[in-house]
Amino acid sequence: MKRLRYQEQDCDLTLQEGLEEYLDRIGPDAKLTGDENNGLDEEYRQFLLGHDCQHIIFGMALSLEEESVLDTFALKGTTGIPWKKTFKYAFSGGELTQLYKKLYKNYGVSRILAIGFRTRKKKVIAWKRAKLMTKKWPWYIPQEYFSRTIKDLRDEYNIKILSEEELYFEDPTYM
């Protein structure tokens, strides 16, 4: 799959433009954060928006392997995963619950665990890069960040994304 512009280290898109590029790639059915009138409560919308912006700032696209690497950045390089909200939304019967059911139905526990194993070397790189950050990326994004360039934000936080070569997966897994 072709890399997106926000996956370049010195990307000059704003965070908002990078988010739009990401949301365009994932398709209309997945645009849970892009429309304030889509029926999601604001708390849930902000939770998802924080996760989607992590894809942008850490340069990750859409494969399950990249999602696994992003989990490492989320654990080490952010202000913290809001675990209570994660569990609340994961078991609420809503969209996140349906996504997890679809994942387990399509791939099974062993394949999902295998993806984590398959990504281990890239997760180590992500862990090391997150340790070099000068401060933690916020889960809940300040509004003024959306008008700043991705390059500027990465420079401020000392975020070094994985290069195309470092992030390469042969035959990546997509939903």
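Laboratory data are not the source of any read-out in this text; all were calculated from the coordinates shown. Just so you know, these numbers come straight off a predicted model, no measurement behind them. Cβ placement follows ideal geometry from the backbone for every residue including glycine, while neighbour counts extend to all protein chains displayed.
Cross-link partners of K151 among lysines, defined as those whose alpha carbon lies under 17 angstrom from its own and excluding same-chain residues fewer than eight positions apart: K135, K136, K160. Helical content alone sets the calculated 222 nm signal of the chain at -17000 deg cm²/dmol, taking -39,500 (n - 2.57) per DSSP H segment of four or more residues and averaging over every residue. Which is the longest part of the chain that has none of the chymotrypsin sites (Phe, Trp or Tyr not before Pro) sitting in a DSSP loop with at most 14 other Cβ atoms within 10 Å? Answer - 1-90.
Working from Cα pairs under 8 Å separated by at least six residues, relative contact order for region 67-146 is 56 percent.
Over the C-alpha trace of region 5-162, radius of gyration and Dmax come out as 15.3, 42 angstrom. The fraction of Cα-Cα pairs per 10 angstrom bin, counted from 0 for region 58-107, comes to 23, 44, 32, 0 percent, rounded to whole percents. Counting neighbouring beta carbons within 10 Å and listing from fewest to most, the residues V69, V109 come out as V109, V69.
If you build a Gaussian network model of the chain, linking Cα atoms that sit under 10 Å apart, which residue out of E66, E21, E144 swings the most? Most flexible of the set in this elastic network: E144.
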